[in-house]
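Trainee: Here it is: the structure, laid out below.
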Amino acid sequence: MAKIHNLGFPRIGAQRELKKALESYWKNDISQSKLESTAKELRSNHWKLQSQLDWLPVGDFSFYDQVLDTSFLVGNIPERARKDNEQSLENYFRVARGRAHQSDNNEIFAGEMTKWFDTNYHYIVPEFCNTTEFSLNADRLIAQIQEAKSLNHNIKPVVLGPLSYLKLGKSSDGTKVLTLLDKLIPVYQQLLTKLADEQIEWLQLDEPILVTDLDSHWQQAFEKTYHQLQTTPVKLLVASYFGELQNNLQLLCNLPVSGIHVDAVRGKNEIAKTIDWLPSHKVLSLGVIDGRNIWKSDLNKLIEWLSPIATKLEERLWLAPSCSLLHVPVDLELENQLNPEIKNWLAFAVQKLDELKVLEQAINQGKESVANKLSLNEKAIESRKNSPLVNDTSVKSRIADINEQLGQRQSTYLERAKIQKQILNLPEFPTTTIGSFPQTPDIRKTRRDFKQGTISFEHYQKKIQSEIHYCVQQQESLDLDVFVHGEAERNDMVEYFGEQLQGFAISSFGWVQSYGSRCVKPPILFGDVSRQNAMTVEWTQYAQSLTDKPMKGMLTGPVTILNWSFVRDDQPLDVTCKQISLAIRDEVLDLETSGTQIIQIDEAALREGLPLRKSQWQEYLDWAVESFRITANGVQDKTQIHTHMCYSEFNDIINAIADMDADVITIETSRSNMELLDVFDEFEYPNEIGPGVYDIHSPNRPAESSILRLMRQAQQRIPKERLWVNPDCGLKTRKWDEVIPALETMVSAAKSLRQAS
């Protein structure tokens, strides 16, 4: 009899209850006990939604990030955060965001944040050095285990595995993190002992680094670690996901554990070999439901594939989503505004678990027991394949006409720079922001009222224009050099464009967690993409009419729109990306025609789309860079093209970034202490760079001395004539009373740099 389980469930809540509680706590509007109460209620609700499973995950809930949770679990708390009560929730938030709440006087700099593999989730990077010690503190995990057991659930705790934890961290002093393994293994052994005391039968240890390139040292470390962890009665299920195992497949199969989980969506081609290689006493968990996207599974096709596997493995077969459902929204049933035809193609977290239940019943009791459900599923799959909503011949024709000239600027950067410098007449170390300014409750209400039809377009337009006017006034007072209009009309940098492009649908409750309390609602990219009308020109023109300073046109690039959408899975990604690039190219050219001299095309997600295996990088980078160039490079030499990338390790793809040929790139460097600029010691980046000089994801106000220190580090690698001064990301999540003093400090630092040069 096959069993079903889940690797993790979305923790934010169907209505973003956790986000709202967290932000209220940070503002001192609610107590810690109220926050804890909300968390407990969410956990209870989520376990109830998963009650049809044979094993429910516990430990997948987090107040901020599961990797940070692991740091606190194993006692690896940064030295700067080691206060009297270092395991407290307040200390946890200090590491996550710089301070625990509004009145917290114990500000520290927040932990570095980066992408979780190739997803849009961000984690807090573990910090290591040669003096790092580990100690177990499993109180929160044990409390959640007892909480779930009190509700009579059959549970399986979930913890990040020791090797992945080490590999995802960074050493501040050059220490090789693998040398810390001998200190870490005993802590996991202690954890297993505690779990055995709680009568836990199975523990899921996530080791996603198994789908990446691992050298022999790391492979040997897996063998060593899991041989030492097999000493307790707790059964270990080692879980990998996000791709194929390739040369790590045999390693995983041979680990001395009771079961393994593999991604049977992205790694389906390896399953036959996995079954052959797996010892006959081990459980094989197959991740057959896509945990990364929101399309219905073809259940009939899956059953046909799984039936012989089930016959062979019998009770050793477990079925699950491919990875944690953290990356998909909670419940499709809340969506009352979606086109019913499109809605019928989708499955959110709750529906994916329903799909698992259908698979389990079909395999264990026969297809006849779920015949009606399978028939409905088949009709939905066929409807999507043949729908005229999906296919647009004019878009396909335009894709066929793409040629190399579309991606070429008229002149080289050096020639363009001379023209742009003369026209823009900017000072040394020009200051700007990344695009968005604070999104106040009044702005959000205005957008909501307009969408719900309770205010007219004229009223909406006046309100947004008023906010743009305020943003321009603030930038004038701050004496910034290049302005932005503030993006008051935009709910999200991708969703805003998805609302206006053909081929996209927008959900009402399709929220997923990006980091901490930051949630995004990815648009659903279901069909061929085209632009019907200008999307940003009117707002940009209005903003420019209010000032003599240059006003940046603000766009999101094709690769980021692709990577931050729930993208269609019925055609190659590069084809979809090029469709988007042509649509955004039309907007770029309209902005230029309207008189916009600077156009920023954000590609924040270019790095995160990079395949996890280096052997596949070049293919991705070729079409990703080509798509950006198609979007950006139809303009005249006088038009300055900017791009922005945030919280990405892009040192190893710097050549591809240079090939994008943007006139100016702005990047995150503050949390990583300018570490991302180390690449410029060896690579001479040809164009202009704005290293982000302060962390907008923290409420802490930057010190001018810190900004000056960071910029002087940048000057050691990049000529001052090619340096800009800017925050590391957009300011929409901050408040005006945080933004104004921070930007005042930033502008003051830029003026100090000019005086010193």
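Trainee: Does THR560 fit the bill of being in contact (Cβ under 8 Å) with a residue 24 or more places away in the chain, outside any loop (DSSP other than H, G, I, E, B) and more than 25 Å from ALA488 (Cβ to Cβ)?
Mentor: Numbers: in contact (Cβ under 8 Å) with a residue 24 or more places away in the chain: yes; outside any loop (DSSP other than H, G, I, E, B): yes; more than 25 Å from ALA488 (Cβ to Cβ): no.
Taking the combined requirement at face value, the residue does not satisfy it.
Trainee: Which of the residues belonging to region 194-227 are closer than 29 Å to LYS176 by Cα, part of a helix (DSSP H, G or I) and open to solvent by 70 Å² or more (accessible area, probe 1.4 Å)?
Mentor: Within region 194-227, the subset closer than 29 Å to LYS176 by Cα is 203-227.
Keeping just the survivors that are part of a helix (DSSP H, G or I) gives 208-211, 216-227.
Hits for region 194-227 are HIS217, GLN220, GLU223, LYS224, HIS227.
One line per residue, one yes/no per condition, for (1) under 24 Å from LEU166 (Cβ atoms); (2) modelled with pLDDT of 95 or more; (3) within 20 Å of the chain's Cα centre (by Cα); (4) of a type in the set (A, V, I, L, M):
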position: MET1; (1), (2), (3), (4): no, no, no, yes
position: ASN6; (1), (2), (3), (4): no, yes, no, no
position: GLU17; (1), (2), (3), (4): no, yes, yes, no
position: GLU36; (1), (2), (3), (4): no, yes, no, no
position: ALA39; (1), (2), (3), (4): no, yes, no, yes
position: PHE63; (1), (2), (3), (4): yes, yes, yes, no
position: VAL74; (1), (2), (3), (4): yes, yes, no, yes
position: GLU79; (1), (2), (3), (4): yes, no, no, no
position: ARG94; (1), (2), (3), (4): yes, no, no, no
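Trainee: Right, here's the next one. In this structure, does ASN391 turn out to be open to solvent by 70 Å² or more (accessible area, probe 1.4 Å), under 30 Å from the mean Cα position of the chain (by Cα) and farther than 28 Å from GLN52 by Cα?
Mentor: It is true that ASN391 is open to solvent by 70 Å² or more (accessible area, probe 1.4 Å), under 30 Å from the mean Cα position of the chain (by Cα) and farther than 28 Å from GLN52 by Cα.
Trainee: Quick one: in region 520-564, which of the residues that are hydroxyl-bearing (Ser, Thr, Tyr) and surrounded by fewer than 24 Cβ atoms within 10 Å (Cβ to Cβ) is nearest to ALA624 (Cα to Cα)?
Mentor: Just the residues of region 520-564 that are hydroxyl-bearing (Ser, Thr, Tyr), to begin with: 530, 536, 540, 542, 545, 547, 556, 560.
Okay, now just the ones that are also surrounded by fewer than 24 Cβ atoms within 10 Å (Cβ to Cβ), so 530, 542, 545, 547.
Numbers: SER530: 18, TYR542: 32, SER545: 35, THR547: 35 Å.
Step by step, filter region 520-564, then rank; the result is SER530.
Trainee: Looking only at region 238-260, decide whether some residue is within 28 Å of GLY366 (Cα to Cα), touching a residue at least 40 places away in the same chain (Cβ under 8 Å) and not small (Gly, Ala, Ser).
Mentor: no
Trainee: Same structure, new question: Could you grab me the full set of residues in region 634-655 that are at pLDDT 80 or above and of a type in the set (Asp, Glu)?
Mentor: Step one: filter region 634-655 for residues at pLDDT 80 or above, giving 634-645, 653-655.
Selection gives ASP637 alone.
Trainee: Would you pick out the residues in region 135-175 that are farther than 21 Å from SER285 by Cβ, part of a loop (DSSP other than H, G, I, E, B) and touching a helix residue (DSSP H, G or I) at 6+ places or on another chain (Cβ under 8 Å)?
Mentor: SER135, LEU136, ASN137, ALA138, LEU151, LEU168, GLY169
Trainee: Follow-up. Looking only at residues that are touching a residue at least 40 places away in the same chain (Cβ under 8 Å) and of a type in the set (A, V, I, L, M, F, W, C) in region 596-618, which one is most open to solvent (accessible area, probe 1.4 Å)?
Mentor: So, considering only residues that are touching a residue at least 40 places away in the same chain (Cβ under 8 Å) and of a type in the set (A, V, I, L, M, F, W, C), the one most open to solvent (accessible area, probe 1.4 Å) is LEU612.
Trainee: Also: I'd like to know if region 724-747 contains one or more residues that are open to solvent by 10 Å² or more (accessible area, probe 1.4 Å), hydrophobic (A, V, I, L, M, F, W, C) and in a helix (DSSP H, G or I).
Mentor: Yes - at least one qualifying residue is present in region 724-747.
Trainee: State whether one or more residues within region 242-251 are over 26 Å from the mean Cα position of the chain (by Cα), surrounded by 19 or more Cβ atoms within 10 Å (Cβ to Cβ) and farther than 20 Å from VAL58 by Cβ. Before the answer, list the steps.
Mentor: Applying the first criterion (over 26 Å from the mean Cα position of the chain (by Cα)) to region 242-251 yields 247, 249-251.
Adding the requirement that they be surrounded by 19 or more Cβ atoms within 10 Å (Cβ to Cβ) leaves 249.
Subsequent filtering for residues that are farther than 20 Å from VAL58 by Cβ retains 249.
Yes: region 242-251 contains one or more residues that are over 26 Å from the mean Cα position of the chain (by Cα), surrounded by 19 or more Cβ atoms within 10 Å (Cβ to Cβ) and farther than 20 Å from VAL58 by Cβ.
Trainee: Has region 237-253 got at least one residue that is within 20 Å of SER322 (Cβ to Cβ), in a loop (DSSP other than H, G, I, E, B), touching a His at 6+ places or on another chain (Cβ under 8 Å) and at pLDDT 95 or above?
Mentor: Yes: region 237-253 contains one or more residues that are within 20 Å of SER322 (Cβ to Cβ), in a loop (DSSP other than H, G, I, E, B), touching a His at 6+ places or on another chain (Cβ under 8 Å) and at pLDDT 95 or above.
Trainee: Further, regarding this structure: Take residues that are β-branched (Val, Ile, Thr) and tell me which of the helices (runs of 4 or more DSSP H) falling wholly in region 361-440 contain 3 or more.
Mentor: Values: elements: 371-386, 393-400, 413-424.
Helices (runs of 4 or more DSSP H) meeting the threshold: 393-400.
Trainee: If you go through region 58-102 one residue at a time, how many are out of contact with any helix residue (DSSP H, G or I) (no Cβ under 9 Å at 6 or more places or on another chain) and touching a residue at least 12 places away in the same chain (Cβ under 8 Å)?
Mentor: Going through region 58-102 one residue at a time, the tally reaches 1.
Trainee: Looking at region 467-508 only, could you name the residues that are within 30 Å of GLN15 (Cα to Cα), open to solvent by 10 Å² or more (accessible area, probe 1.4 Å) and in a helix (DSSP H, G or I)?
Mentor: GLU467, TYR496
Trainee: State yes or no: is GLY690 assigned to a strand (DSSP E or B) and either of a type in the set (A, V, I, L, M) or open to solvent by less than 40 Å² (accessible area, probe 1.4 Å) (or both)?
Mentor: Working: assigned to a strand (DSSP E or B): yes; either of a type in the set (A, V, I, L, M) or open to solvent by less than 40 Å² (accessible area, probe 1.4 Å) (or both): yes.
Yes; evaluated as a whole, the condition is true for this residue.
Trainee: Is one or more of the residues making up region 122-142 modelled with pLDDT under 90, surrounded by fewer than 20 Cβ atoms within 10 Å (Cβ to Cβ) and within 30 Å of CYS323 (Cα to Cα)?
Mentor: As a first pass, look at region 122-142 and keep what is modelled with pLDDT under 90: none.
So far as region 122-142 goes, no, none of its residues is modelled with pLDDT under 90, surrounded by fewer than 20 Cβ atoms within 10 Å (Cβ to Cβ) and within 30 Å of CYS323 (Cα to Cα).
Residues are listed down the side, and each one gets a yes or a no for (1) touching a helix residue (DSSP H, G or I) at 6+ places or on another chain (Cβ under 6 Å); (2) not acidic (Asp, Glu):
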| residue | (1), (2) |
| --- | --- |
| SER240 | yes, yes |
| GLU244 | yes, no |
| ASN248 | yes, yes |
| PRO279 | no, yes |
| VAL328 | yes, yes |
| LEU334 | no, yes |
| LYS343 | no, yes |
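Trainee: So which residues in region 333-353 are surrounded by 14 or more Cβ atoms within 10 Å (Cβ to Cβ) and free of Cβ contacts under 8 Å to residues at least 12 places away in the same chain, if there are any at all?
Mentor: Within region 333-353, just LYS343 meets the criteria.
Trainee: Pick from ASP298, ASP263: which is in contact with a strand residue (DSSP E or B) (Cβ under 9 Å, 6 or more places away or on another chain) and within 27 Å of LYS343 (Cβ to Cβ)? Working first, answer last.
Mentor: Values: ASP298 fails: in contact with a strand residue (DSSP E or B) (Cβ under 9 Å, 6 or more places away or on another chain).
Matching residue, one of ASP298, ASP263: ASP263.
Trainee: What number of residues within region 35-58 are touching a Pro at 6+ places or on another chain (Cβ under 9 Å) and open to solvent by 20 Å² or more (accessible area, probe 1.4 Å)?
Mentor: Of the residues in region 35-58, 0 are touching a Pro at 6+ places or on another chain (Cβ under 9 Å) and open to solvent by 20 Å² or more (accessible area, probe 1.4 Å).
Trainee: Looking at this structure, is LEU621 part of a helix (DSSP H, G or I), without any contact (Cβ under 8 Å) to a residue 40 or more places away in the chain and not hydroxyl-bearing (Ser, Thr, Tyr)? Can you show your working first?
Mentor: Values: part of a helix (DSSP H, G or I): yes; without any contact (Cβ under 8 Å) to a residue 40 or more places away in the chain: yes; not hydroxyl-bearing (Ser, Thr, Tyr): yes.
In short, yes.
Trainee: Counting only residues that are modelled with pLDDT of 85 or more and open to solvent by 10 Å² or more (accessible area, probe 1.4 Å), how many does region 657-678 have?
Mentor: Taking region 657-678 and keeping what is modelled with pLDDT of 85 or more, we get 657-666.
Imposing the further condition that a residue be open to solvent by 10 Å² or more (accessible area, probe 1.4 Å) reduces the set to 658-659, 661.
Of the residues in that region, 3 qualify.
Trainee: Within region 499-530, which residues are touching a strand residue (DSSP E or B) at 6+ places or on another chain (Cβ under 9 Å) and small (Gly, Ala, Ser)? I'd like the intermediate steps shown before the answer.
Mentor: Quick first cut of region 499-530, residues touching a strand residue (DSSP E or B) at 6+ places or on another chain (Cβ under 9 Å) only: 500-507, 510-516, 518-530.
Within region 499-530, GLY503, ALA505, SER507, GLY510, SER514, GLY516, GLY527, SER530 qualify.
The values are calculated or read from the model by the stated rules, or taken from the named source; none is laboratory data. Everything numeric here is computed off the predicted structure, so don't read it as measured data. With ideal geometry, Cβ positions are generated from the backbone for all residues, glycine too; neighbour counts draw on all protein chains shown. Just so you know, the surface numbers come from the protein's heavy atoms only, side chains and all, with ligands and any DNA or RNA stripped out. Shrake-Rupley method; radii C 1.70, N 1.55, O 1.52, S 1.80 Å.
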